[in-house]
Amino acid sequence: WLDRICARVDGGRGLFYVLFAGGDDLFVIGPWDWMPALAVAIREDFAHYTHSNPALGISGGIAVVGAHEPLHRAGDEAHDALKEAKDLPGKDALTFLGRAHTWAEFGQVVALKDAILELAEDHDLGNALVTRLLAIARRYHRDSGREPYGVKGATPPRLADPLFYGPWMWQQAYALARLREGRTPEVGRKLDALREKILDGKQVVHLGLAARWAQWLLRKREQ
């Protein structure tokens, strides 16, 4: 059945090779940019088979290695990525490009990546957009790891909201506003929608993976 899922995802192109599938484990080799779609398809098919039973989950780890890397090394890296996914509370998650997310969160990553790619490719914002977003993601993760800001020597408690409020917010607003200069109203609306996803939608926690993924895809398409 796994072969059928592979064929459905790649349209019968033969991009995937099922090296192993037995017990509760599987190992598939294929182009790195196709593997997330395959992982999602496997998980969705499994959920359908189990009638979305919350007691039954499936985790995955995607390793991205060079074309000439030994296969055993790819297997070791995939195993490490799988372990990261299983270490999340509740498991039932996926690790890709070094970041582990639940499947629901990964769906948000995919949507955010698609929004970034549309602006980068269809509206010629390219690396200018991606590099700014990567810088914002780095600033967010750096600042969120710090202690809360003190007030007259006191340390206020963290807000219940998991979103970290800090300098990344106005840096993002400034960076995206600069990109609007000289652009059409349509591009402006899409940049506004992206800003709302990142800030009001609280998806800045997914921004690093989404922007990095978009960057890799842009590089591949330029080759």
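The values are calculated or read from the model by the stated rules, or taken from the named source; none is laboratory data. Quantities reported herein were computed from a predicted structural model and do not represent experimental measurements. Neighbour counts run over all protein chains shown; Cβ positions are idealised from the backbone, glycine included. The area values use the complete protein model at the heavy-atom level, side chains included, leaving out ligands, DNA and RNA. Shrake-Rupley method; radii C 1.70, N 1.55, O 1.52, S 1.80 Å.
Side notes on the structure shown:
- Share antiparallel - DSSP beta bridges, the chain, percent rounded to 5: 85 percent
- Note on segment 100-149 and segment 1-78: Cα centroid distance 25 Å, given to the nearest whole angstrom.
- Accessible-area ranking of 32, 1, 103, largest first, probe 1.4 Å: 1, 32, 103
- Across segment 64-69, computed HN-Hα scalar couplings (Karplus, 6.51 cos²θ - 1.76 cosθ + 1.60, θ = phi - 60°) run 10, 10, x, 4, 9, 5 Hz from first to last residue, x flagging Gly and Pro.
- Accessible area, probe 1.4 Å, largest first, for residues 170, 216: 170, 216
- Dipole magnitude of segment 5-105 about its Cα centre (Cβ charges: Lys, Arg +1; Asp, Glu -1), debye to nearest 20: 140 debye
- Note on segment 1-64: with neighbouring protein chains present and a 1.4 Å probe, carbon and sulfur make up 55 percent of its accessible heavy-atom surface.
- Per-residue HN-Hα couplings for segment 106-119 [Karplus 6.51, -1.76, 1.60; θ = phi - 60°; Hz; x = Gly/Pro]: 5, x, 5, 4, 4, 5, 5, 4, 5, 5, 5, 5, 4, 5
- Counting only residues at least eight positions apart within a chain, or on another chain, the lysines with an alpha carbon under 30 Å from that of residue 91 are 83, 113, 197, 202.
- Solvent exposure of the chain, expressed per residue, is 59 Å² of accessible area, with all protein chains present and a 1.4 angstrom probe.
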